[in-house]
């Protein structure tokens, strides 16, 4: 009898998204500012919840892979940390689809007050596109690298199919690309955070406030 696929991974991904949205909605309710769609000056609860969930998942993925390098090769702890790195990365990849759907359904993004210049708006747009490409490409490259190594890819009990056949040389090449883009991700995420803080503390506009649960 053919074994049916374990759907717990999908339930986990959807559960994470729901939890993040409910948390953001709860915090906003405490501040009397709960909105499911974007308003003229704030993002809605789904957008806020998904933004911070993705941030913590990405942070966790980076922490796990960096901690794994501390422990000797072949150790159980090193293997467990790498496994969590894969899990968190693939959760990011799955949640990007949900986040893009929320972005589409939530309406126009809230405006920035006072208004910023055209070149700043264009730069912000390029930065957002780069972040989405990063969140989609990095997990896929990791999946491809594991497939090329011939390693099993299992998430929460679900065995994922190999995207390509075993190929040691190709695995090393994909792994190098994955690591290079991962290193660039530090700068990409860092610049995104630095820009938000610069707008908040130097320019004193509402760029950061729009995405804070309490709107402070």
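The values are calculated or read from the model by the stated rules, or taken from the named source; none is laboratory data. Predicted model, so just to flag it, every value in this text is computed and none were measured. As a convention, Cβ positions derive from the backbone with ideal geometry for all residues, glycine included, and neighbour counts pool all protein chains shown.
Looking only at segment 52-69, decide whether some residue is over 23 Å from residue 188 (Cβ atoms), at pLDDT 90 or above and either surrounded by 13 or more Cβ atoms within 10 Å (Cβ to Cβ) or in contact with a helix residue (DSSP H, G or I) (Cβ under 6 Å, 6 or more places away or on another chain) (or both). The answer is no, given that none of the residues of segment 52-69 is over 23 Å from residue 188 (Cβ atoms), at pLDDT 90 or above and either surrounded by 13 or more Cβ atoms within 10 Å (Cβ to Cβ) or in contact with a helix residue (DSSP H, G or I) (Cβ under 6 Å, 6 or more places away or on another chain) (or both). In the set (1) over 17 Å from the mean Cα position of the chain (by Cα); (2) crowded, with 21+ Cβ neighbours inside 10 Å; (3) at pLDDT below 90, residue 43 fails one condition alone, (3). Considering 162, 124, the condition of being farther than 30 Å from residue 199 by Cα, surrounded by 13 or more Cβ atoms within 10 Å (Cβ to Cβ) and modelled with pLDDT under 95 is satisfied by 162 alone. In this structure, residue 169 qualifies as free of Cβ contacts under 8 Å to residues at least 24 places away in the same chain, over 24 Å from residue 209 (Cα atoms) and surrounded by fewer than 17 Cβ atoms within 10 Å (Cβ to Cβ). Within segment 143-159, if we keep just the residues that are in contact (Cβ under 8 Å) with a residue 60 or more places away in the chain and under 20 Å from residue 58 (Cα atoms), the residue that is surrounded by the fewest Cβ atoms within 10 Å (Cβ to Cβ) turns out to be 156.
Only one entry in 4, 77, 29 is more than 30 Å from residue 209 (Cβ to Cβ), exposed (fewer than 15 other Cβ atoms within 10 Å of the Cβ), out of contact with any helix residue (DSSP H, G or I) (no Cβ under 6 Å at 6 or more places or on another chain) and at pLDDT below 60, namely 4.
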